[in-house]
Every structure is written in C-alpha cells, then in structure tokens.
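Derivation of every value follows stated rules applied to the coordinates shown; laboratory data play no part. Because the structure is predicted, anything quoted here is derived from the model rather than measured. Note that each Cβ is placed from the backbone with ideal geometry, even for glycine, and that neighbours are counted across all protein chains shown.
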Amino acid sequence: MFLQLTEKERTIFELACPHLQVMSNELHTKEAVHFCLQLLQAVDGDRHIVIPAAILHDTGWAKIPEKVSKKIRVPDGEPEAIKVHEEISALIAELILRDVNYKSAYIDEIVSIIIGHDSRKKALSLNDKIVKDADKLSRFSKDFSKIWPKWGDGSVAENLYAELANGVENWFFLSESKKIARIELDHRIKEHHAQNAPIA
Ligand SMILES: [Fe+2]
Ligand SMILES: [Fe+2]
C-alpha cells in the first residue's frame, strides 16, 4: 500500500516498523494511516498530530508476550487489560518522537491520544476522533478482512460481515467515517460473493 507521507512521517514510520512485527500490526498501521489521510481530506484535523498518532498507536503490542496479548487484545479483550498496550505504545511513541526532534506540544497531544485509543470511549478532540475512527476503519479494508478472523474468535466470513455491519452503526464518531465504512463493507461483501459464486 502506497501512503503519501512527508519525509518526517516516513522517518517515524521506519522507526515504528520494528515495533509492528506482531499480529499483522504493520499492515493494520498502514491501513489506519491510509484512512486518516482519507479523513483529513474531509474534516479539518491536524496532520502533525493525526498521522504520527496513527503510525505509533499500536507499537506496544510487540513488547507483550503472545500468551498475554491473546487474552487482552480487541475485539474481545478484557477492557482493563487493553490499557497495557496503550501505555507501552505511548511510551514508545514519546521516545521515537523525541528521537526525531518532534515539537513538544505535538508530542503531548499525540501521547494523550495513544494512551486512550482503545479504552477511552469519549474522544478528546477532532484529531482523536480521526485516529479512533481510522483504527476501526482498518477492519473494513480488503487485506485486513483476511486476517480479522485470526484475530478474534475465529468467526467465519458471514459473522465477520455481520460484525462489521454492526460496527458501521456503532463504532464511529464522524459521519464521514461511517460513510467510508459503508462503502468499504459493500465492496467486501461483493468480493466475497464473487469469490463464492458457483461456476456456471
Ligand atoms: Fe490498539
Ligand atoms: Fe489499532
């Protein structure tokens, strides 16, 4: 997936990459950044905050032993335990952003977004809404739908689409995100039917 990133954002992504090599997180992060870029074209968020927050939001997973992460990760993770990956991600984010001499005021906002990206049900700002929504939108993307069943309860495709249809109505802060989710889901269902169509 090609992402139109600035040089600084690319550097941050490169530094984040070693921390994204578990649970298909590199793919998930690319999808989340892709949807942030799409949302930034429609709503007035701050790219300096949104893009680094999306790049770094799940960097903490790689530090958590697999046995533990299986128990705590979304969609069925224990709500309290999910905070562990947010706190580690926030710490890694701060270190990476300081390493690239990112503006301190930006770092504070990015860290506050990351530290509640899954557990905090209310959004702090428009920037936060964009990151939270893009994180969820990644579940609707073409490549991500293939790995989703391995993540959660092993549900088959039909259940996945039902889950996503429920998500369209309930997961998003921004109406623009809902719109994107609806379009993506429609594509996924059509692709699924095309793959499973009987040969004439
Ligand atoms: Fe997360
Ligand atoms: Fe995520």
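Structure values in brief
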item: The stretch 8-53 shape via C-alpha gyration tensor axes, a/c threshold 1.5; result: oblate
item: With at most 15 neighbouring Cβ atoms within 10 Å, loop trypsin sites (Lys or Arg not before Pro) (DSSP) excluded, longest segment of the chain; result: 1-102
item: Rounded to the nearest 20 debye, dipole of the stretch 25-110 from Cβ charges on Lys, Arg, Asp, Glu; result: 240
item: Additional length obtainable on full extension of the chain from Gln41 to Glu87, 0.36 nm per residue less Cα span; result: 13.6 nm
item: When the convex hull of its Cα atoms is projected in every direction, mean area for the chain (nm²); result: 11.4
